[in-house]
Amino acid sequence: MPDSLNADFLLAWAREAGHEYPLFDCHVHPFDVLTGDTAYQTSDSLPKLFSRPGSAYHPPAIMPENFDSAEIQREAVSERGLLLTSRFAYSHTGARIFDDHLALTGLSGALLLPVTRCPDRAEAMLATIQQMFDEPGRYFCACPYPVGMAREALYPFFYQMKETYGICAVKIHTNLVNLDPASPEGRETIEAVLEAAGSLGLSVIVHGGWTPGLQPAQAAQYGTLERLSCVDWSVSRAPVVIAHAGCYALCETEVTAALSLLNVLFEKFPNLLADVSNLGMGAVESVLRFSDRSRLLFGSDALYIPIWKAWLRFLHALYCVSPDPESDLIRIASINPRRCLSLPV
Ligand SMILES: [Zn+2]
């Protein structure tokens, strides 16, 4: 890395832009997405921190020499390994830990994306989030896709969740909730969510790519762009965000193919955007180089990756790739996120 592009320089450069344009992380998880476990205890020592019994809290710290490592390995992970890692990442949650992450980067706020794999859990999850992240204007919340709900019940449910909890989006993790966009059943369900969410002005965030190690193996790839392209995303006119730019856990060759498909979808559906969350350094660079940068948003995928690490990868790649990094930064981390959070642009 050239000296001029060290971590301090990049962070200061983005902080400067953030004075005028508040910067947002549009992809963080308040709870582990595999288990959806929300059972935490309040901390005696720190307000706004929620912890597992017996786990000590160590605030995040930037390790600049270490921000470009850790490509996602698809083959190396089993579901058991995935569970162990994710439980470790979620020893703690709550506004305190996300405040600490945001403070390191200069970002102003984050969109929380809860996921549940069980029926009748979505509302309880939103109620818990309201207790743990009670800072409107800083923490924005998506409603988890309510597994098993009848299609005609979606609109009244999202309406109620918007009234009660102020949700601004709906999160669908196709792989974890077993929705195959290439099957008529899966496609119709996704389009029913788009119709209900869109008519309430709620953005929809959909997982894009593989989920390594997930069983059944077929469900591990429900989020690939080939499958997502079976859906008519124009059913909603509100923003729809394909997470990880559709490239989660893809190898280099697959990323190249996926990005040309992403551009085809961008052409076809003007409401479609993509976030750059939790991709390796090479993949972030490819997304910024080969896809339409005006359609991207910043997301980290915290707490599976520290926000500072995803932020530095993004800033470094943007600085290397973009002819006008400042305008791209403002669009990707401020203007497009504000559209998805229903904030004035
Ligand atoms: Zn995620």
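Could the peptides 236-249, 165-178, 114-127 be put in order, highest first, of the mean number of other beta-carbon atoms found within 10 Å of their residues?
Ranked from most to least packed, the peptides come out as 236-249, 165-178, 114-127.
Which of rounded, prolate, oblate describes the chain, given a ≥ b ≥ c as roots of the alpha-carbon gyration tensor eigenvalues and a/c under 1.5 marking rounded, otherwise prolate only if a/b is larger than b/c?
rounded
Around Ser43, under 12 Å between beta carbons, what's the net of Lys plus Arg minus Asp minus Glu among the other residues?
+2
Before anything else, pin down the relative contact order of the chain: Cα pairs under 8 Å, at least 6 apart, normalised by residue count, whole percent.
Here the relative contact order equals 21 percent.
Please work out the FRET efficiency for the pair His19 and Leu343, using the Cβ-Cβ distance as r and a Förster radius of 22 Å; give the result to the nearest 0.05.
Efficiency, rounded to the nearest 0.05: 0.85.
Please list, or write none, the lysines whose alpha carbon is within less than 19 Å of the alpha carbon of Lys162, excluding same-chain residues fewer than 8 places away.
Straight-distance partners of Lys162: Lys171.
What is the distance in Å between the Cα centroid of the stretch 279-316 and that of the stretch 45-60?
What the calculation gives is 28 Å, centre to centre.
Mind checking which of Thr224, Ser294, Gln131 is farthest towards the positive end of the chain's charge dipole, using Cβ charges of +1 (Lys, Arg) and -1 (Asp, Glu) about the Cα centre?
Sorting the options by dipole projection puts first Gln131.
Amide H neighbours of Lys171 under 5 Å, counting only residues 5+ apart in sequence or on other chains, H built in-plane at 1.01 Å?
The answer is Cys143, Tyr145, Ile205.
In whole Å, what is the distance between the alpha-carbon centres of the stretch 219-272 and the stretch 144-171?
23 Å
Using only DSSP helix segments of four residues or longer, with each worth -39500 (n - 2.57), what per-residue ellipticity at 222 nm results for the chain after dividing by its residue count and rounding to 500?
Rounded to the nearest 500, it is -11500 deg cm²/dmol.
All other residues with a Cβ under 14 Å from the Cβ of Ile330 taken together, and with Lys, Arg as +1 and Asp, Glu as -1, what is their net charge?
0
Considering the zone a paramagnetic label at Tyr155 would reach in this model (a point 7 Å from Cα along the Cα-to-Cβ line), which residues of the stretch 216-239 have amide N under 20 Å from it?
232-239
What is the stretch 198-296 by shape, rounded, prolate or oblate, if you read a ≥ b ≥ c off the alpha carbon gyration tensor as root eigenvalues and call it rounded for a/c under 1.5, prolate for a/b larger than b/c, and oblate otherwise? Before the final figure, lay out each step's value.
Numbers: a/c = 1.83, a/b = 1.23, b/c = 1.49.
The shape class here is oblate.
All of the numbers you see were taken from the coordinates with simple rules; none came from a lab. Predicted, not measured: the structure shown is a model, and the values here were computed from it. Glycine gets a Cβ as well: all are built from the backbone with ideal geometry, and neighbour counts include every protein chain shown.
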